[in-house]
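Any read-out appearing in this document is the output of simple, stated calculations on the displayed coordinates, not a laboratory observation. Worth saying up front: this structure is predicted, and the values here are computed from it rather than measured. For neighbour counting, all protein chains shown are included, and Cβ atoms are generated from backbone atoms with ideal geometry for every residue, glycine included.
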Amino acid sequence: MAQSNAALESIPALLARNAAMFGDKAAYREKEYGIWQRWNWGEVAGEVEALALGFLNLGIHEGDFVAIIGRNRPYFYWAMAAAQSVGAIPVPMYQEQNAEEMAYVLGHCGARFVVVEDQEQVDKVIDVQDELHQFEHMIYIDPRGLRKYDHRRMHQFSHIQEQGRAARDEFLPELKARIERLNLDSICVMLYTSGTTGKPKGVVLSNRNIITTAQNSCEFDNLGPGEDVLAYLPMAWVGDFIFSIGQAYWTGFCVNCPESPETMMTDLREIGPTYYFAPPRFFEGQLTSVMIRMEDSGRFKKWLFDKFMGVARKYGSDILAGKSVGLKGRISYALGNLFIYAPLKNTLGLSRVRVGYTAGEAIGPELFEFYRSLGINLKQLYGQTEATVYITQQPDNDVRSDTVGVPSPGVEVAIRDNGEVYYRSPGVFVEYYNNPDSTADTKDAEGWVATGDAGYFEKDTGQLRIIDRAKDVGKMADGGMFAPKFVENKLKFFPDILEVVVFGAGRDMCTAFVNIDLTAVGSWAERNNVAYASYQELAGHPEVYSTIAEHLEEVNKSVAQDEMLSGCQISRFLILHKELDADDGELTRTRKVRRKIIGEKYSDLIDALYSGKSEIYTETEVTYEDGRKGSITATLEIRDVPVVPVNQKVAAE
Amino acid sequence: MNEMTENSTVGYMTDDGRQIGGTMMEMKNITLRFGGVVAIEDISFDIHEGEIRAIIGPNGAGKSSMLNVISGFYNPQEGEVWFHGSKRPAMRPYQVAQQGVARTFQNIALFKGMSTLDNIMTGRLTKMDVGMIGQAMWWGKAAKEEAEHRERVEEIIDFLEIQAIRKTPVGRLPYGMQKRVELGRALAAEPKLLLLDEPMAGMNVEEKEDMSRFILDVNDEFGTTIALIEHDMGVVMDISDRVVVMDYGKKIGDGTPAEVLANQDVIDAYLGVSND
């Protein structure tokens, strides 16, 4: 964009620029009362100013923290900009948090002001307000049900704005002075990490972090003021902040807020965003619902769908990537687009997507290809809160499902000896709030930050591949790299495999425990008249074993192609007689495998896998949902899987 | 006919500090018979402006009959219904509705094939001026009027948080949601008095909590007077200001939830003596 960057050192400065440059252009839309309500940049500037003046009227100081709790609504985005305007720091929080979690974050940052949506959040804050010494004022948007509440410390959003407007003459000079004092080093926002390990940490991001990152990422994908995004991911997540505030303010594009979380799919269709982000599980859910509906549709439609999806698989990705495709392929694809792809994309709300991203976890290659082949420019990025999102991302013409792209503009990425990925960029966070020890642990003196993930750059493409959490990566007996999750993820893309645990650190071969997916395998059993009485019986069925063995063989072939990880092919496996369960401590509550506990609990099975036995008798303790314990016994079959011989030279490298 | 009622009270203050107005409706010595069966026998009670008034009692106590008397569906053989200070003559239900009384039904009575939106829109019927032909032409005044009504309906949809099912045919909705739509349709009539016949029957705990909140919010937000029949004693005691207790067609208790709970006749009817 052709503009002077000198004065654009804060979000309020960008807002003023947008109000001047695109005053009449839509800045926010929110569906309410069944209609898309619209605010242009000029109106937004007015709303934000009124709220900022209202904050001043309430006596907000520079450096105060303003907690924001609610679903994606324009009012909250304005509240963030208004807080910044008066020199305060917005702290968006997860609305699903329970009162104690909320109390921790509110207490940790010492928020003086809390902006919430409705009675539900008001009640939660009231529950914990006695523990919070700094808390002073709560501002709510929806007054419903709150009439009888004690209003000494509670205010309605619109009333604060009215008071602000009324006191404009009095406070405007102060507001202007405060905005003037903001620069690239001022704190822009504080975001709490979700805290899967220990207490949440407050990641402090400066205006420099946000604005430079927004600028770089917008240039990378050529994002302009004409984009439409749908803001539906939690506001406490850094991604939403960078998309809906950073990039939106930088380019002046429009942020659309759904009517309610339940109407998100309808709203997505109506808006048809041009720039879109969703986690893999979202795309997976969409694809599943499409497939189920196609199974239920008429025979002709089903035939047409299958035929043209075949065409799409063959040519779609290449056409999207701008590679040369023959005339026949192009004509077939154009026909497919007319009959299937375009209507399907329209149904999915993805017709206008020019740039789409997915991140957060591994995405299945077939899933990824499905969307790509429809002509949706879905790409992957790799990032974290501490990096202001972007570490690596995929350029338009170089997209694959198994890599996460090249370093984003301005980001340096290095792989240290243990395989861990480090980065340094203008987006690197300032600090963890009130936590110098953690800050020092994560960020070194030169500004390099450890991601905790292990990965490597592919030699020929320069793209980063993330293979596993760094702490899980080990070495095999022959010195080859061992990355269990890399193999497990490949296996978990098969619908009949629910969970896999791969062993092999310090051993001469890799082995695996497999959990079948009862829904998928059960439905297979039903279709093929296979009778079974229990999970255990189905899991031990010879045909199930054979199917899983085929999957493993297929994955081995694909693992063998990987020059660094070809040693991780699975030689032997067994299907577990019970599902791994969080109640038994085998999984975390978010369904992540706890390797150490599984390794200890099933040490007899692991020994058997490495001993050459063909079956093993075992007894396992289980915890029922009510907390009682029992045990189950089983004799498990152990099977060998063919392994693709690997070129010795590569393996030894 | 239009003589002023002699005992129009001035209202009272609730425990949570809400000011309840004077008498809105008064039932005087109502007796309702179906042939030889006496469904309601000589019952009197009043409903004040702005309060949540519950009618409870075991099965067959005559609660729904009472509600049907209020809504004008049944005309009692004896007794008088006074509404806003005047005695109400025998009326048809639509006439009662035009006076600002709306209701929901124990067994949901929605148009199953129509969307949530259209169902709630039917609640606006008593407010529409344009006739059938005008609406069919849908031009000029009819279109303008529909937009106005639609706006009001959208506010109700927002209020009841049913945006996601706006266009869904009601027959496809789960039971709890249908109950909510029915409440929406009743609200669309902008009633002064809202009659709810077992609004929480067959609901799970979460749905009951939601419905309780909506009832309280309707009362708080729109100032609507509410008379409800409910079996779930916990719910009744939580949300209502005053409770009438019926048993075998007779009134056996009347007062605040605490008073009613302490009433020996009520305890007998519910716990002490088997009614089955």
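Across chain A, the relative contact order, built from alpha-carbon pairs under 8 Å that are at least six residues apart, equals 9 percent. Percent of Cα-Cα pairs per 10 Å bin, from 0 to the last occupied bin, for the stretch A:91-168, please list those. Binned Cα distances yield the sequence 18, 52, 26, 4. Residues in the stretch A:285-295 carry Karplus couplings, in order, of x, 4, 4, 4, 5, 4, 5, 4, 5, 5, 4 Hz; the curve used is 6.51 cos²θ - 1.76 cosθ + 1.60 with θ = phi - 60°, and Gly or Pro positions show x.
Of the GluC sites (Glu not before Pro) found in the stretch A:22-107, those that fall in a DSSP loop while having at most 14 other beta-carbon atoms within 10 Å are A:GLU62, A:GLU96. Just checking the output field for B:210-219: average partner chain Cβ neighbours within 10 Å of each residue's Cβ? Neighbouring Cβ atoms belonging to other protein chains average 1 per residue here. The residue list B:GLY79, B:ASN29, B:VAL130 was ranked by how far each Cα lies along the charge dipole of chain B toward its positive end, using unit charges on Cβ atoms, and B:VAL130 comes out on top.
Please report the net charge: other residues with Cβ closer than 15 Å to the Cβ of A:LEU205, K and R +1, D and E -1.
Spelling it out: positives minus negatives among the neighbours equals -2.
In this label model, A:GLU621 and B:ALA90 are separated by 7.8 nm, measuring between points 7 Å along each Cα→Cβ vector. Distance from the Cα centre of the stretch A:174-231 to that of the stretch A:235-299, in angstrom? Spelled out, the Cα-based centre of one part sits 21 Å from the other. Estimated from helices alone, the mean residue ellipticity of chain A at 222 nm is -11000 deg cm²/dmol (sum of -39500 (n - 2.57) over DSSP H runs with n ≥ 4, per residue).
The calculated FRET efficiency for A:ASN529 paired with A:ASP398, based on their beta-carbon distance and R0 = 35 Å, is about 0.15.
Here the label points at A:ARG168 and A:GLU553, each 7 Å from Cα along the C-beta direction, are separated by 7.7 nm in the simple model.
For A:VAL115, the residues whose modelled amide H falls within less than 5 Å of its own, excluding neighbours fewer than 5 places apart on the same chain, are A:ALA67, A:ILE68, A:ILE69, A:ILE139.
FRET efficiency for A:ALA440 and B:LEU216, Cβ-Cβ distance as r, R0 = 51 Å, nearest 0.05?
0.45
Helical runs assigned H by DSSP (4 residues or longer) give chain B a calculated mean residue ellipticity at 222 nm of -10000 deg cm²/dmol, each run adding -39500 (n - 2.57) before division by the residue total. In chain B, taking the dipole from charged Cβ atoms about the Cα centre, the farthest positive-side position among B:GLY255, B:SER115, B:ILE56 is held by B:SER115.
Can you pull out the trypsin sites (Lys or Arg not before Pro) in the stretch A:595-641 whose DSSP state is coil and whose Cβ has at most 15 other Cβ atoms within 10 Å?
In loop regions of the stretch A:595-641 (DSSP not H, G, I, E or B), the sparsely surrounded trypsin sites (Lys or Arg not before Pro) are A:LYS613, A:ARG628.
Charge tally around B:ARG18: other residues with Cβ under 14 Å, Lys/Arg +1 each, Asp/Glu -1 each, net -4. In order along the stretch B:255-268, the phi-based Karplus estimate (6.51 cos²θ - 1.76 cosθ + 1.60, θ = phi - 60°) of 3J(HN,Hα) comes to x, 5, x, 5, 5, 5, 5, 8, 7, 4, 4, 5, 4, 4 Hz; Gly and Pro are listed as x.
What's the average, rounded to a whole number, of partner chain beta-carbon atoms within 10 Å of each residue's beta-carbon in A:260-272?
2
Among beta bridges identified by DSSP and lying wholly in chain B, the antiparallel ones come to about 60 percent. Distance between the pseudo-spin-label points of B:THR126 and A:SER289 (7 Å out from Cα toward the beta carbon): 3.8 nm.
Which of A:GLN286, A:TYR341, A:TYR456 sits closest to the plus end of the dipole of chain A, meaning its Cα is farthest towards the positive end, when Lys and Arg get +1 and Asp and Glu get -1 on the C-beta? Toward the positive end, the furthest listed residue is A:TYR341.
Normalised by 2.2 N^0.38 Å, where N counts its residues, the alpha-carbon radius of gyration of the protein assembly as shown equals 1.11. If you take every residue apart from A:PHE55 with its C-beta less than 15 Å away from the C-beta of A:PHE55, what net charge results, scoring Lys and Arg +1 and Asp and Glu -1? Charge balance in the 15 Å sphere: -2. Taking amide H as placed 1.01 Å from N in the peptide plane, the amide H of A:CYS188 sits under 5 Å from that of A:LEU205, A:SER206, A:ASN207, each at least 5 places away or on another chain. Close lysine pairs were tallied over the stretch A:473-652: pairs 8 or more places apart or on different chains with Cα atoms under 22 Å apart number 29. Computed from backbone phi with θ = phi - 60° and the Karplus coefficients 6.51, -1.76 and 1.60, the 3J(HN,Hα) list for the stretch A:73-85 is 9, x, 4, 6, 5, 5, 4, 5, 5, 5, 4, 4, 4 Hz; x is used for glycine and proline. Please identify every one of the GluC sites (Glu not before Pro) in the stretch A:241-288 that sits in a loop by DSSP and has no more than 12 other beta carbons within 10 Å of its own beta carbon. Here no loop site has a sparse enough neighbourhood.
Between B:ILE43, B:ILE133, B:ILE165, the Gaussian network model of chain B with springs among Cα atoms under 10 angstrom shows the greatest mean-square fluctuation at B:ILE133.
Here's how it looks for B:GLY79: its modeled amide H is under 5 Å from those of B:THR31, which are all 5 or more places away or on a different chain. Give the residues of the stretch B:15-48 whose amide nitrogen is closer than 12 Å to a point set 7 Å from the Cα of B:GLN77 in the direction of its Cβ. Output list for this probe position: B:31-42. As a calculated quantity, the FRET efficiency between A:GLU366 and B:GLN135 at R0 = 45 Å, using C-beta atoms, amounts to about 0.30.
In the stretch A:11-276, the DSSP beta bridges split such that about 35 percent are antiparallel, to the nearest 5.
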